[in-house]
Amino acid sequence: MTVLLAGGAGYIGSHTAVQLLMSGHDVVIADDYSNSCPEVINRIEEITGKQVRAYETDVKDKVKVQQIFAENKIDCVIHFAGLKAVGESVQQPLKYYRNNIDTTLTLLECMQEAGVKQFVFSSSATVYGEENAIPYIETMKRGSCSNPYGWTKVMMEEILEGAAKADPELTVVLLRYFNPIGAHESGRIGEDPQGIPNNLMPYIAQVAVGRRDHLTIFGNDYPTPDGTCRRDYIHVMDLADGHVKAVEYAAQHKGVEVFNLGTGTPYSVLEIVHAFENATGVAIKHEFGARRAGDLPEFWANADKAAKALGWKAERDLTAMCRDTWRWQSGNPEGYRK
Ligand code: WQD
């Protein structure tokens, strides 16, 4: 199949591109490089030995996206072209609503015009909101979010469900990611946040490589075994494999289907710090600070549905997640920028 990856040069998109190519699919990438860079395309080609067709475009630019559909016989679209910084979304909500919703609508309209019927969406565990009990399972209702980023994911799920209801030929697979970390085993692609990292693992990696002095752990008075928050961290290569399964599933099924992509096992912030130190031999200077607004004490996935329906299960353990993060960060201390 030929798969269009909107936002395919980003962290999750680039790893998915590699696994799609390695599974024999063709990949077309549309990305404005606002949170990535063209070097990613070279690295994907280097790892796979295969060619990628890349378009530099804002996915809200309908004329350009129409051109991509006209020039390529696309079978399936995966939408990764979202803004994702939780804190920034509180400061600049309109930017988040405009970007995340407009990109989704543009892709859906262009797919409709081109007769493309398979859509896989980068959703998030954040849509379970604050009300649901853990572990999260796909049959739960979406909850209410503490920030506009999360609301855009809820709204995009609603939009996609509505579009699928109106067009019985349309297939929509909603993939709810838990906490993706790690990098490709080669260390040639990985997570490259601009500015100060918002997320835990890239922050730890930058402390390890000497770009930051120390990690501040946001709160150690949570009702968890060691007082720090617990999350379901998943290796980005397992997540990428989940997308390959989702694309293949979409080709065989109609309607909307939701899948959690997590491991089902939570780790605390302190456990992550210690696992990183053990896997790499690098000490991570850390101190405890105040809680971060909006953080839930703990959540993890019930991952049974993806195992049953997609035949997918996370295979890589926490040691691999830490080791591969470090291989990427130590080999590319400044990320893709030389
Ligand atoms: C994990 C844990 C922090 C940084 C968010 C979004 C989610 C998804 C991923 C984005 C928490 C703690 C972190 C630091 C710390 N979306 N932490 N010091 O908050 O679970 O999920 O990012 O793309 O939708 O909500 O992930 O990595 O930010 O935090 O102590 O410097 O690490 O408090 O407990 P989170 P995270």
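The values are calculated or read from the model by the stated rules, or taken from the named source; none is laboratory data. Bear in mind the structure is a predicted one, so any value in this text is a computation, not a measurement. Because the Cβ atoms are built from the backbone with ideal geometry, glycine has one as well, and the counts that use them run over all protein chains shown. Only protein heavy atoms, including side chains, enter the accessible area calculation; ligands, DNA and RNA are left aside. Shrake-Rupley method; radii C 1.70, N 1.55, O 1.52, S 1.80 Å.
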Could you tell me how many of the residues in the stretch 230-239 are crowded, with 24+ Cβ neighbours inside 10 Å and either away from the ligand (no atom under 12 Å from the Cβ) or farther than 23 Å from Leu200 by Cβ (or both)?
1
Listed by first then second residue, the pairs whose first member lies in the stretch 210-224 and is at positive phi and among the small types (Gly, Ala, Ser), whose partner is open to solvent by less than 70 Å² (accessible area, probe 1.4 Å) and near the ligand (Cβ under 9 Å from one of its atoms), with beta carbons under 9 Å and at least 6 positions apart or on separate chains, are Gly219/Thr228; Gly219/Cys229; Gly219/Val269; Gly219/Gly289; Gly219/Asp295; Gly219/Pro297
Given Ala293, Ala279, Ala240, which one is part of a loop (DSSP other than H, G, I, E, B) and within 27 Å of Ile196 (Cβ to Cβ)?
Ala293
Would you point out the residue of the stretch 84-112, among those that are touching a Ser or Thr at 6+ places or on another chain (Cβ under 8 Å) and within 26 Å of Glu248 (Cα to Cα), that is most open to solvent (accessible area, probe 1.4 Å)?
Ile101
List the number of the failed condition for Pro266; all other conditions in (1) within 16 Å of the ligand (Cβ to nearest atom); (2) open to solvent by 30 Å² or more (accessible area, probe 1.4 Å); (3) free of Cβ contacts under 8 Å to residues at least 40 places away in the same chain hold.
(2)
For Arg316, state whether it is among the charged types (D, E, K, R), open to solvent by 30 Å² or more (accessible area, probe 1.4 Å), under 19 Å from the mean Cα position of the chain (by Cα) and more than 16 Å from the ligand (Cβ to nearest atom).
yes
Those residues that are open to solvent by less than 40 Å² (accessible area, probe 1.4 Å) and away from the ligand (no atom under 11 Å from the Cβ), I need them from the stretch 287-306; list them, please.
Ala301, Asn302, Ala303, Ala306
Checked the stretch 42-58 for anything in contact (Cβ under 8 Å) with a residue 12 or more places away in the chain, open to solvent by less than 70 Å² (accessible area, probe 1.4 Å) and within 22 Å of Leu21 (Cα to Cα); matches are Arg43, Ile44, Ile47, Thr48, Val52, Ala54, Tyr55, Thr57
